[in-house]
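Everything below concerns the one structure shown next.
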Amino acid sequence: MFAFTVAGTNIQSSRKRVRTMATATATSIDPSMKDAFTRYAEYLNDLNDKRERIVKASRDVTMNSKKVIFQVHRMSKYNKVEVIEKAEKDLVAVTDQYMSQLVKELQGTDFWKLRRAYSPGIQEYVEAATFCGFCKNGTLLKLDEINKTLLRLSDPSIEPLQINVLDYLLGVADLTGELMRLAIGRISDGELEFAEKICTFARDIYRELTLVVPHMDDSSDMKTKMDVMLQSVMKIENACFSVHVRGSEYIPLLGSNDPSSFLVGVPDIEI
């Protein structure tokens, strides 16, 4: 019993000494070091708050860019001009109301530090802008042209938000999925020439990206998108080829489960 008490006393004394040493060490910290780490903590807290605001703004850009894409899909051979004009106005509204929030938050090196927070919204915005551009002019809207529309949102005295090449290419890769849906819809309406134009355009995008991707950093996102892009291009080609070879009498069978439909065996077509 006596030995146990002594041992316990020794342990308690050791703990008191450790606490005393820790306290003494804490009180002897260099004030300049303490101030530095306080600034680091404040910087990280501010960066996390900014990241949350940027994620929210990116979601708003994504959601409203999708609405622009849905608007373009309402296009037919009878209302093309009206639908495209409405889609362009909606895209301007997305730029002014939601992209402007990203411009406000992102300055200087924040473009790259916080890229993962806003990249999904930028990609969707690029997809909507290039989709409108193709349906209006039949050409691919270039990165410089998109970035010019963002310059007016920035204070001239600071570095403006500019969409980077990687996010632009990722957005263009997604464009082929919408082109596939558009082509199927145009074939359904009997616009075979327009569908063939879409097919050529989508094929050209895929071919050009296959030349660019090997020079990019290892990106699993782009690898996945390239696989999906190839499927979309093949679906457009199969639809155009089947209508051309087998005749327009098969157009009403688009998307049906009829065994005689030329699209049976071409899965996951969404209209």
Residue match in the stretch 200-220 (condition: in contact (Cβ under 8 Å) with a residue 60 or more places away in the chain and either in a helix (DSSP H, G or I) or not assigned by TED's automatic domain parsing to the domain that holds GLU52 (or both)): yes
Filtered residue count, the stretch 88-115, keeping only those that are more than 19 Å from the chain's Cα centre (by Cα) and of a type in the set (Gly, Ala, Ser): 1
Residue in the stretch 62-78 that is exposed (fewer than 11 other Cβ atoms within 10 Å of the Cβ), at pLDDT below 95 and in a helix (DSSP H, G or I) present: no
Selection count, the stretch 125-161, where residues are buried (at least 17 other Cβ atoms within 10 Å of the Cβ) and free of Cβ contacts under 8 Å to residues at least 24 places away in the same chain: 3
Condition broken by ILE29, with the remaining ones in (1) assigned to a helix (DSSP H, G or I); (2) out of contact with any Phe, Trp or Tyr (no Cβ under 6 Å at 6 or more places or on another chain); (3) not basic (Lys, Arg) satisfied: (1)
Residues satisfying the stated conditions in the stretch 165-193, i.e. in contact (Cβ under 8 Å) with a residue 12 or more places away in the chain and farther than 20 Å from LYS66 by Cβ: VAL165, LEU166, ARG186, ILE187, SER188, ASP189, GLY190, GLU191, LEU192
Test: residue in the stretch 141-150 that is at positive phi and modelled with pLDDT of 90 or more: no
Residue in the stretch 148-155 that is in a helix (DSSP H, G or I) and hydrophobic (A, V, I, L, M, F, W, C) present: yes
Residues being polar (S, T, N, Q) and modelled with pLDDT under 50 - total across the stretch 213-271: 4
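The values are calculated or read from the model by the stated rules, or taken from the named source; none is laboratory data. It should be emphasised that the depicted structure is a prediction, and the values quoted were computed from it without experimental measurement. As a convention, Cβ positions derive from the backbone with ideal geometry for all residues, glycine included, and neighbour counts pool all protein chains shown.
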